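Student: Here it is: the structure, laid out below.
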Amino acid sequence: MMVDNTNRKDREMRKLALTVCALAGLTLSTMSQAQPYNYTLAGASPGGLWSNIGIGMDQVMKAAYPGSTVTYQTTGGGFANALLLDQKKVQLGVVHNAELQMAIEGADPFKAPIKDLRPLAYLYDWSPFQLLLTKDFADKYGIKTFEDIVTKKAPVRMVLNRRGNVANDIAVRMLAVAGASPDDVKAWGGNVVLAGSEEQGDLLKDRRVDFLFNSLFVGIRSLVEVGQAVPVVMLPVSKAVIDKVAKETGTDAYVIKANSYPWQPQDVPTISLGAFVVANAAMPNAEAKAITKALIEKIDAMRGVHPSMKELTPQLLPSLSNKFTYHPGALAAYKEAGLLK
């Protein structure tokens with residue numbers, strides 16, 4: 001009997017030990033899943049959409065992992081953010097699609113290719129190039145499309161964004177694919193003015209330029225006000241130019257829907273900038289997966305930070321994984337959520 005009691009006690013002790021170990025493992029697993037994360041996200045100037053994206057990322061991570069913090073860092077924009085990510089000075093950054101491709105290829109302003117940038121999520125693709133021409137200039141020179149400006153060598157005074165802004169790079173590239181350069185425009189008797197987005201509307205309203213050419217959100221107040229002050233038309237871009245520029249720059253084809261403005265009765269095809277949340281390839285897979293999972297599950301927090309983000313869907317987040325190399329942790333989150341095969 002003594003032997004039986006001893007065996008029974010041994011079995012009970014082993015069972016108890018296994019139970020304790022299982023509970024400890026469960027506790028550690030739960031703690032691991034619920035651990036807070038603290039990141040810095042490089043954005044752009046304060047007060048713009050990207051600062052709202054920083055707020056959204058902070059809200060998303062707090063909702064998914066209580067105690068987490070995403071601190072927004074003001075920078076010069078996507079070009080600067082790509083370098084900061086490459087140097088591992090920040091964990092996260094917002095980078096335009098075109099800036100990401102330029103960084104990967106080592107195109108100007110980058111001195112060499114940056115190979116370790118890994119997108120986690122595509123946040124928007126709706127910042128299209130809107131090409132507003134005064135109606136009197138369009139009527140005088142018979143301009144109906146963007147390419148007409150080049151083929152007719154119209155002496156147009158155009159305003160582009162400042163150098164160092166990716167919108168300037170893409171606008172110049174669109175001109176080049178259409179068959180012209182800023183110097184050509186000047187040779188035809190036109191001019192090319194460089195100004196920030198906040199100044200461009202006033203230049204057109206004051207008729208100091210004829211043509212506004214910039215990447216802006218549809219319905220932006222500055223363009224609404226331009227149309228109220230000056231009769232304007234919006235020029236479409238040909239499929240040939242759109243396809244070539246999109247392939248070369250990583251931008252997207254886009255259609256500005258008819259009647260987005262009172263003076264725009266038809267759909268207008270064009271090119272659009274978009275933006276990613278990007279990490280360095282060295283970020284652990286588990287962290288990249290946690291961030292991406294939070295974006296998928298708490299997407300309403302990101303939608304609510306700005307009216308322009310209300311169209312964000314879980315399906316958009318991985319939508320460019322066929323064009324750019326996403327972080328493997330992010331891909332795992334999308335597959336787990338059924339958003340990728």
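Student: Mind checking which residues of segment 214-234 are farther than 20 Å from GLU311 by Cβ and part of a helix (DSSP H, G or I)?
Tutor: SER222, GLU225, VAL226, GLY227, GLN228, ALA229
Student: Report whether or not ASN52 is touching a His at 6+ places or on another chain (Cβ under 6 Å), of a type outside the set (Phe, Trp, Tyr), touching a residue at least 60 places away in the same chain (Cβ under 8 Å) and within 18 Å of TYR124 (Cα to Cα). Talk me through it step by step, then tell me what you get.
Tutor: Working: touching a His at 6+ places or on another chain (Cβ under 6 Å): yes; of a type outside the set (Phe, Trp, Tyr): yes; touching a residue at least 60 places away in the same chain (Cβ under 8 Å): yes; within 18 Å of TYR124 (Cα to Cα): yes.
Answer is yes for this residue.
Student: For VAL192, which of the numbered conditions (1) of a type outside the set (D, E, K, R); (2) closer than 28 Å to GLY43 by Cα; (3) touching a Leu at 6+ places or on another chain (Cβ under 9 Å); (4) in a strand (DSSP E or B) fails to hold?
Tutor: Every condition holds for VAL192 apart from (2).
Student: Within segment 277-292, identify whether any single residue is farther than 23 Å from LEU331 by Cα and in contact with a strand residue (DSSP E or B) (Cβ under 6 Å, 6 or more places away or on another chain), and answer yes or no. Working first, answer last.
Tutor: If we filter segment 277-292 for residues that are farther than 23 Å from LEU331 by Cα, which is where we start, we get none.
No, the conditions are met nowhere in segment 277-292.
Student: Could you list all residues from segment 43-65 that are over 13 Å from the mean Cα position of the chain (by Cα) and hydrophobic (A, V, I, L, M, F, W, C)?
Tutor: ILE55, MET57, VAL60, MET61, ALA63, ALA64
Student: Taking the condition free of Cβ contacts under 8 Å to residues at least 60 places away in the same chain and either of a type in the set (A, V, I, L, M) or closer than 17 Å to ASP116 by Cβ (or both), does ILE291 pass?
Tutor: On the way: free of Cβ contacts under 8 Å to residues at least 60 places away in the same chain: no; either of a type in the set (A, V, I, L, M) or closer than 17 Å to ASP116 by Cβ (or both): yes.
So ILE291 does not fit the description; no.
Student: Related question: Which of the residues belonging to segment 131-151 are under 32 Å from the mean Cα position of the chain (by Cα) and among the hydroxyl-bearing types (Ser, Thr, Tyr)?
Tutor: If the condition is that a residue be under 32 Å from the mean Cα position of the chain (by Cα) and among the hydroxyl-bearing types (Ser, Thr, Tyr), then THR134, THR145 are the ones that fit.
Student: Is one or more of the residues making up segment 128-139 part of a strand (DSSP E or B), among the β-branched types (Val, Ile, Thr) and closer than 19 Å to ASP58 by Cβ? Talk me through it step by step, then tell me what you get.
Tutor: Let us first name the residues in segment 128-139 that are part of a strand (DSSP E or B), namely 128-134.
Adding the requirement that they be among the β-branched types (Val, Ile, Thr) leaves 134.
Applying the additional criterion that residues be closer than 19 Å to ASP58 by Cβ yields none.
Checked against the condition, which is being part of a strand (DSSP E or B), among the β-branched types (Val, Ile, Thr) and closer than 19 Å to ASP58 by Cβ, segment 128-139 yields no hits at all.
Student: Ok, one more. Determine whether SER308 is within 24 Å of ASP116 (Cβ to Cβ) and either outside the structural domain of LEU216 (by TED's automatic domain parsing) or surrounded by 16 or more Cβ atoms within 10 Å (Cβ to Cβ) (or both).
Tutor: Numbers: within 24 Å of ASP116 (Cβ to Cβ): no; either outside the structural domain of LEU216 (by TED's automatic domain parsing) or surrounded by 16 or more Cβ atoms within 10 Å (Cβ to Cβ) (or both): yes.
Spelling it out, it is not the case that SER308 is within 24 Å of ASP116 (Cβ to Cβ) and either outside the structural domain of LEU216 (by TED's automatic domain parsing) or surrounded by 16 or more Cβ atoms within 10 Å (Cβ to Cβ) (or both).
Student: Take ASP252 and decide whether it is closer than 30 Å to ALA107 by Cα, of a type in the set (Asp, Glu) and assigned by TED's automatic domain parsing to the domain that holds THR151.
Tutor: Values: closer than 30 Å to ALA107 by Cα: yes; of a type in the set (Asp, Glu): yes; assigned by TED's automatic domain parsing to the domain that holds THR151: yes.
It is true that ASP252 is closer than 30 Å to ALA107 by Cα, of a type in the set (Asp, Glu) and assigned by TED's automatic domain parsing to the domain that holds THR151.
Student: Being free of Cβ contacts under 8 Å to residues at least 12 places away in the same chain and either out of contact with any Ser or Thr (no Cβ under 6 Å at 6 or more places or on another chain) or not assigned by TED's automatic domain parsing to the domain that holds GLU248 (or both) narrows it down to one residue among ALA154, ALA187; which is it?
Tutor: Numbers: ALA154 fails: free of Cβ contacts under 8 Å to residues at least 12 places away in the same chain.
Of ALA154, ALA187, the one residue that is free of Cβ contacts under 8 Å to residues at least 12 places away in the same chain and either out of contact with any Ser or Thr (no Cβ under 6 Å at 6 or more places or on another chain) or not assigned by TED's automatic domain parsing to the domain that holds GLU248 (or both) is ALA187.
Student: Can you tell which of ALA107, ALA82 is outside any strand (DSSP E or B) and within 28 Å of ALA290 (Cβ to Cβ)? It would help to see each step written out before you state the result.
Tutor: On the way: ALA107 fails: within 28 Å of ALA290 (Cβ to Cβ).
Among ALA107, ALA82, only ALA82 is outside any strand (DSSP E or B) and within 28 Å of ALA290 (Cβ to Cβ).
Student: With LEU320, LEU295 as the choices, which residue is assigned by TED's automatic domain parsing to the domain that holds GLN91, of a type in the set (A, V, I, L, M) and not in a helix (DSSP H, G or I)?
Tutor: Working: LEU295 fails: not in a helix (DSSP H, G or I).
Every option except LEU320 fails the conditions.
Student: Is at least one residue of segment 203-215 without any contact (Cβ under 8 Å) to a residue 12 or more places away in the chain, over 25 Å from ASN97 (Cα atoms) and over 26 Å from the mean Cα position of the chain (by Cα)? Even if it seems obvious, please write down each step before you answer.
Tutor: Just the residues of segment 203-215 that are without any contact (Cβ under 8 Å) to a residue 12 or more places away in the chain, to begin with: 206.
Applying the additional criterion that residues be over 25 Å from ASN97 (Cα atoms) yields 206.
Now restrict to residues that are over 26 Å from the mean Cα position of the chain (by Cα): 206.
Checking segment 203-215: at least one residue is without any contact (Cβ under 8 Å) to a residue 12 or more places away in the chain, over 25 Å from ASN97 (Cα atoms) and over 26 Å from the mean Cα position of the chain (by Cα).
The values are calculated or read from the model by the stated rules, or taken from the named source; none is laboratory data. Not measured: the values here are computed from a predicted model. Don't worry about glycine lacking a Cβ; one is built from the backbone with ideal geometry, like all the others, and counts go over all protein chains shown.
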